[in-house]
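Q: Would you mind keeping the following structure in view while I ask a few things?
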Amino acid sequence: MSQWYCVNLGDALTAGIELDRIERAFAAAFGRRGEPGDMGLFVRHVSEGQLHCDVVVYFTPASADVAGRALADPCPPPSRHGLGLLQGSAEAWRLLAGRDEPPC
């Protein structure tokens, strides 16, 4: 499997501006490429005993250029647990087949 990327935008209350910037960059790249099925932008809200949750954005391997502009780090493919498709093709879910286990 190819390399996934993720970036933690921090507290959900303050992540909005950066998340909007990432969404605009993704939408532009997705449209330029003809909306490929392997391009997806996923999001998960993570709360590990904190008062507020963090927003973590995951980029499929086909979204590597957008991930690079967002300063995302390489990561393993995420589990599907609590994950939402923010933008891209619904076909991108197939890249996560077998990833239904909850995160560690």
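Q: From (1) part of a loop (DSSP other than H, G, I, E, B); (2) within 24 Å of Leu13 (Cβ to Cβ); (3) within 12 Å of the chain's Cα centre (by Cα), pick out the condition that doesn't hold for Arg80.
A: (2)
Q: Now for a separate question. What do you reckon, is Val46 among the hydrophobic types (A, V, I, L, M, F, W, C), surrounded by 12 or more Cβ atoms within 10 Å (Cβ to Cβ) and over 10 Å from the mean Cα position of the chain (by Cα)?
A: yes
Q: Still on this structure, I have one more. Go through (1) over 19 Å from Leu96 (Cβ atoms); (2) surrounded by 13 or more Cβ atoms within 10 Å (Cβ to Cβ); (3) among the β-branched types (Val, Ile, Thr) and name the single condition Val55 misses.
A: In the conditions (1) over 19 Å from Leu96 (Cβ atoms); (2) surrounded by 13 or more Cβ atoms within 10 Å (Cβ to Cβ); (3) among the β-branched types (Val, Ile, Thr), Val55 misses (1) alone.
Okay, residues lined up against (1) at pLDDT 90 or above; (2) of a type in the set (A, V, I, L, M):
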site: Leu51; (1), (2): no, yes
site: Arg69; (1), (2): yes, no
site: Leu85; (1), (2): yes, yes
site: Arg94; (1), (2): yes, no
site: Ala97; (1), (2): no, yes
site: Cys104; (1), (2): no, no
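Q: Which of the residues that make up the range 65-84 are surrounded by fewer than 16 Cβ atoms within 10 Å (Cβ to Cβ) and within 19 Å of Phe30 (Cβ to Cβ)?
A: Asp65, Gly68, Arg69, Gly84
Q: Failed condition for Leu96, given (1) among the aliphatic types (A, V, I, L, M); (2) surrounded by 18 or more Cβ atoms within 10 Å (Cβ to Cβ); (3) in contact (Cβ under 8 Å) with a residue 24 or more places away in the chain, with all others met?
A: Result: Leu96 passes all but (3).
The values are calculated or read from the model by the stated rules, or taken from the named source; none is laboratory data. In this text, all values refer to a predicted model and were calculated from it rather than measured experimentally. Because the Cβ atoms are built from the backbone with ideal geometry, glycine has one as well, and the counts that use them run over all protein chains shown.
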